[in-house]
Amino acid sequence: MLFTGKATVKGPNTMKAVTRNDRRTIVVALLLALTLGAVSAGADPGADEQGVRSGGGGPSRATEGSVTVTVPVGAYEITRTAQGVGVSVDDFGYLLVSGKPKLPSKIVAIAIPPGAEVVEVSFDVGVGVALPETYDVAPSPLPRVIGQEDPSAYERNKQTYQDNFNSVYGSDDVYPQTTASLVRSAHYRKYNLVDVRITPFAYRPLSGRLTYYPQLSVRVSYAFPERPRHTMVDNLPSTERIAGEIVFNYDQTTAWYPQDGGGGRGTHDFVIITLDSLTSSVAALADWETLKGRTVEVVTTSWIASQYGGYDLAERMRNFLRDKYPSDQWGIQDVLLVGHYDDVPMRRAWQDQGYGKPETDYYYAELSLPDDESWDADGDHQYGEDSDPIDFYAEVNVGRIPWSDPVTVSSICDKSIAYESNDDPTFKKNMLLLGSFFWSDTDNAVRNSSAVCSVGIG
């Protein structure tokens, strides 16, 4: 990969001039395929040019098109607390690197045509505004475990926090070094996306100076491989509404993506995956959802295992969902897994923060690419490693009833029906939803807020 950049930034006449070279046009050349990780662009004040060149092989391709978008940041708010200064921007999450400054940040998903691959991404961070005061920006806190905490894991995390704190707050080097960066290629259902991170504030800790970038421009150049992927037909009104919220340049996509072939609902928009022994236990719930207007299909793990290949039952289940979720197949939107984890498996993720490797059903929600291009890209069956390019967009919604006892499952289904059929709306509007993202390649609070807003009640 190659990225270069040279720039100057000047503040408006009413503000102090900024002399660091932070108006920058950064070029990120990606040859053949987009690799996982953030390819940075934007704001290292210590060098006029910097570059990294990849050693990958393969024929080069000419650029066949480009997309340019302008990202307005909007108003910001600065608050002072006992922990230090807090900076916030509407609809932005934060950089949450433990021990480093907690600054507003957001991942923007830019669509490119189906089958296209990124050749080059460039950013223009525009004119920075130097804020007139000095600020002691608070660091991102040390994550803590609710419940019993492993002392050795806590000490390791605390040392990481301290190392991060010392490396940033003991220097006047700008943080973050990049105002804009390329995160990854991604997908949401039929949409081919490029995720870029926008961090509109640059902070110099020792001098306490903050620079604000009110608008950034992103240009994505792309080309088509010799054998592009099959263009998915997927046009469900409800998922298109979600795409409109996710895709920054959604209005541009109508010229690229097929708009026909979608009805009001899919052939089977609600799929229940369960055991043969539990099909009668979920029958009442399936009938209730059908009465509400859903198109429900109950599928057993034994049928999936006989119809789909994969390393294990979990991959076979995911392959089934990948095959059937587009609207020209079943048009799946919601999936309910019914069965204990030992019977209807979760996927163990190769992430260990000192408390063991977690298991997750998100494996069945993020369906963009087959396992060997996403959850298990290196084929070692250690799923969800840092090197595995998972894009964190859920193609379908997934829930679970985690019991395999028929009586228990029947009781839960009956209670769910009773809850939904109750005409009193007051208690339904009082709920507690817990969740958080702590990975550096998500936009943290923004994505959680979007998920909460999309929850339907009643």
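Laid out as a table, the results:
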{"quantity": "Residue pairs meeting the criteria (Cβ under 7 Å; at least 6 apart or on separate chains; first within 30 Å of Gln353 (Cα to Cα), in the stretch 120-146; second of a type in the set (Lys, Arg) and loosely packed, with under 15 Cβ neighbours inside 10 Å)", "calculated": "Leu142/Lys158"}
{"quantity": "Residue match in the stretch 359-370 (condition: of a type in the set (A, V, I, L, M), touching a residue at least 24 places away in the same chain (Cβ under 8 Å), touching a Lys or Arg at 6+ places or on another chain (Cβ under 8 Å) and not in a helix (DSSP H, G or I))", "calculated": "yes"}
{"quantity": "Condition check for Gly244: in contact with a Phe, Trp or Tyr (Cβ under 9 Å, 6 or more places away or on another chain), touching a residue at least 40 places away in the same chain (Cβ under 8 Å) and in the same structural domain as Phe123 (by TED's automatic domain parsing)", "calculated": "no"}
{"quantity": "Flag for Glu297 being out of contact with any Pro (no Cβ under 8 Å at 6 or more places or on another chain) and modelled with pLDDT under 95", "calculated": "no"}
{"quantity": "Every residue from the stretch 169-186 that is crowded, with 18+ Cβ neighbours inside 10 Å and touching a Lys or Arg at 6+ places or on another chain (Cβ under 6 Å)", "calculated": "Val174, Ser181, Val183"}
{"quantity": "Whichever residue in the stretch 123-140 is more than 21 Å from the chain's Cα centre (by Cα) and more than 20 Å from Gly208 (Cβ to Cβ) and, among such residues, is surrounded by the most Cβ atoms within 10 Å (Cβ to Cβ)", "calculated": "Val125"}
{"quantity": "Restricting the stretch 187-220 to residues that are within 23 Å of Asp90 (Cβ to Cβ) and of a type in the set (Gly, Ala, Ser), the residue that is surrounded by the fewest Cβ atoms within 10 Å (Cβ to Cβ)", "calculated": "Ser217"}
{"quantity": "Enumeration of residues in the stretch 341-358 that are touching a residue at least 60 places away in the same chain (Cβ under 8 Å) and surrounded by 16 or more Cβ atoms within 10 Å (Cβ to Cβ)", "calculated": "Asp343, Val344"}
{"quantity": "Test: residue in the stretch 36-50 that is modelled with pLDDT under 90, surrounded by 12 or more Cβ atoms within 10 Å (Cβ to Cβ), farther than 14 Å from Thr179 by Cα and in contact with an Asp or Glu (Cβ under 7 Å, 6 or more places away or on another chain)", "calculated": "yes"}
{"quantity": "Candidates Asp334, Asp323 - the one that is of a type outside the set (A, V, I, L, M, F, W, C) and free of Cβ contacts under 8 Å to residues at least 40 places away in the same chain", "calculated": "Asp323"}
{"quantity": "Near pairs, Cβ below 8 angstrom, 6+ apart or cross-chain, from the stretch 190-207 (farther than 22 Å from Phe165 by Cβ and of a type in the set (Gly, Ala, Ser)) to any residue that is modelled with pLDDT under 95 and surrounded by fewer than 24 Cβ atoms within 10 Å (Cβ to Cβ)", "calculated": "none"}
{"quantity": "Scan of the stretch 141-155 for residues that are part of a loop (DSSP other than H, G, I, E, B) and over 24 Å from the mean Cα position of the chain (by Cα), ordered by number", "calculated": "Ile146, Gly147, Gln148, Glu149, Asp150"}
{"quantity": "Selection within the stretch 78-118 - in a loop (DSSP other than H, G, I, E, B) and buried (at least 18 other Cβ atoms within 10 Å of the Cβ)", "calculated": "Phe92, Leu95, Leu96, Val97, Gly99, Lys100, Lys102, Leu103, Pro113, Pro114, Ala116"}
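The values are calculated or read from the model by the stated rules, or taken from the named source; none is laboratory data. None of the values given here were measured: they were computed from a predicted structure. Virtual Cβ from ideal backbone geometry, glycine too; neighbours counted across all protein chains shown.
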